[in-house]
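Accompanying notes for the structure given below.
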Amino acid sequence: MSVIEIKGVKKYFTKEVYALKHIDLLINEGEMVSLIGPSGSGKSTLMRHISGLLLADKNSQSSIRVLGKTIQSKGKLDKDIRTSRAQIGHVFQQFNLVNRLSVLTNVMVGGLSRIPSYRSLLGWFTAEEKRLALQALDRVGLKNVALKRACDLSGGQQQRVAIARALMQKANVILADEPIASLDPESSRLVMQTLKDINEKDGITVVVTLHQVDYAQKYCQRAVALQDGAVFFDEQINQLNQHKLNQLYGTQAVHSFSEDTVSSSNGMNMSNGMPYSQDGTANTEEDHSQPRSLIN
Ligand SMILES: Nc1ncnc2c1ncn2[C@@H]1O[C@H](COP(=O)(O)OP(=O)(O)OP(=O)(O)O)[C@@H](O)[C@H]1O
Ligand SMILES: [Mg+2]
């Protein structure tokens, strides 16, 4: 069954400036899909359309449905968008936690659509809500830091708190936009493993945008590649090869890709097959002087 159905989505910001030329895409229940492609290819724009944060062009015959509910159609949000959005969890590169609040409170805020606003404003949560938040933190291996302030955690830990918040929200779909772009390799591994774990054990469908193709190969089953606002290829991960990646990113960008990398999608050592950031540290700094695909 398709949990995300995207049909005919176009997004032109002006007559000449477009992010999405025409997207048709189906994502099935329980899949963990990586959305890859060069900087500016439209990945974040597409993610924001899926959750209704951006509207497709009005004149397109577009529709986006998630878990059988319409998010938007022909450039208009569905009137029941609040309910539909509640099923979609977001994880962003910048974590989006409230720094001065405890980790536990940050996670409880994830259940906001089910908590009356006066209670959340006053910080009144029930014992059951606390139990569920602790359970979610336990799920991502962070129960022991529940009472720390969010800003006292490492980046990787904060990202796992963001995942716990989506669990608290009871999201059935998680959209993660570059969740590991600012993390070191070990934190990246833990965050990706956490996403994979909730995908496999809880059946949550995960769509994750990544600049590091080796992480896509290790943790995802399928790669949807965008180029210039359109789907360039859509493959099972073990079908990826050097040639396709060269075409997607440009020849120089993927010189270190090897066929070994493909076989390592089964969990074997990935260290020789990193087309981007051999040690991962290069991803911690934005460098706008070069195309992102060459540096990440
Ligand atoms: N609000 C906006 N106004 C005008 N153009 C925009 C806007 N948002 C995005 N774009 C353009 O749309 C295109 C796609 O942007 P998007 O952020 O979706 O790319 P991306 O694939 O996520 O890139 P990155 O890998 O750098 O995150 C880019 O050319 C971008 O400049
Ligand atoms: Mg982006």
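Every read-out reported here was derived from the displayed coordinates using simple, explicitly stated rules and does not represent laboratory data. Every value quoted in this text rests on a predicted model; they were computed, and no experiment measured them. Note: ideal-geometry Cβ built from the backbone for every residue, glycine included; neighbour counts use all protein chains shown.
Where a ≥ b ≥ c are the square roots of the eigenvalues of the C-alpha gyration tensor, would you call region 157-212 rounded, which needs a/c under 1.5, or, failing that, prolate if a/b is larger than b/c, or oblate? It comes out prolate by the Cα gyration axes.
Along region 25-31 the Karplus relation, 6.51 cos²θ - 1.76 cosθ + 1.60 evaluated at θ = phi - 60°, assigns HN-Hα couplings of 7, 10, 10, 8, 4, x, 7 Hz to successive residues, with x for each Gly and Pro.
Mean separation of Cα pairs under 8 Å and 6 or more residues apart, divided by the residue count, gives region 48-199 a relative contact order of 27 percent.
The shape of region 1-156 comes out prolate: with a ≥ b ≥ c from the C-alpha gyration tensor, a/c is at least 1.5 and a/b beats b/c. Roughly how far apart, in whole Å, are the Cα centres of region 176-198 and region 82-98? Taking the Cα centre of region 82-98 as reference, the centre of region 176-198 is 16 Å away. Each other residue within a Cβ distance under 13 Å of Lys143 adds +1 if Lys or Arg and -1 if Asp or Glu, for a net charge of +4.
Between Gln93 and Asp177, the built amide H atoms are under 5 Å apart, and every one of these is 5 or more places off in sequence or on another chain. Put simply, when 34-44, 125-135, 65-75 are sorted by average Cβ atoms within 10 angstrom per residue, most first, you get 34-44, 65-75, 125-135. Of the cross-linked pairs Lys11/Lys58; Lys11/Lys43; Lys43/Lys196, those separated by over 18 Å at the C-alpha level are Lys43/Lys196. In this structure, Asn28 and Glu235 have a Cβ-Cβ separation that, at R0 = 25 Å, corresponds to a calculated FRET efficiency of about 0.95. Computed from backbone phi with θ = phi - 60° and the Karplus coefficients 6.51, -1.76 and 1.60, the 3J(HN,Hα) list for region 200-212 is 6, 8, 9, x, 7, 6, 10, 10, 10, 8, 9, 9, 9 Hz; x is used for glycine and proline. Electrostatic tally near Leu54: other residues with Cβ closer than 12 Å to its Cβ, Lys and Arg +1, Asp and Glu -1, net +2.
Here region 146-244 carries DSSP beta bridges of which approximately 55% are antiparallel, counting only pairs with both residues inside.
Ranked for footprinting exposure by Cβ neighbours inside 10 Å, fewest first, Thr45, Thr209 give Thr45, Thr209. If we count every other residue with Cβ under 13 angstrom of Gly68's Cβ, Lys/Arg +1 and Asp/Glu -1, where does the sum land? Local charge sum for Gly68: -2. About its Cα centre, region 56-198 has a charge dipole of approximately 520 debye under the convention of +1 per Lys or Arg Cβ and -1 per Asp or Glu Cβ, with nothing else charged. Annotation: peptides 241-247, 185-191, 154-160, ranked by per-residue average of other Cβ atoms within 10 Å with the highest first, follow the order 154-160, 185-191, 241-247. Take every pair of alpha-carbon atoms less than 8 Å apart whose residues are at least six positions apart; their mean separation over the length of region 54-95 yields a relative contact order of 30 percent.
Among Asp202, Asp177, the order by Cβ neighbours within 10 angstrom, fewest to most, reads Asp202, Asp177. Model label sites at Ser2 and Arg131, defined 7 Å from Cα along the beta-carbon direction, differ in position by 4.0 nm. Legend: ranking of residues Asp228, Asp80 from fewest to most surrounding C-beta atoms inside 10 Å; resulting order Asp80, Asp228. Bridgeable lysines around Lys130 (alpha carbons under 24 Å apart, same-chain partners fewer than 8 residues away excluded): Lys143, Lys148, Lys170, Lys201. Indicate the gyration tensor shape class of region 1-85 (rounded, prolate or oblate), computed on the Cα atoms with a ≥ b ≥ c the square roots of the eigenvalues: a/c under 1.5 is rounded; otherwise a/b larger than b/c is prolate and the rest oblate. It is oblate, given that a/c is not under 1.5 and a/b is not larger than b/c.
Once backbone amide H atoms are built at 1.01 Å from N, Ala56 has Gly75 as its partners under 5 Å, excluding neighbours fewer than 5 places away on the same chain.
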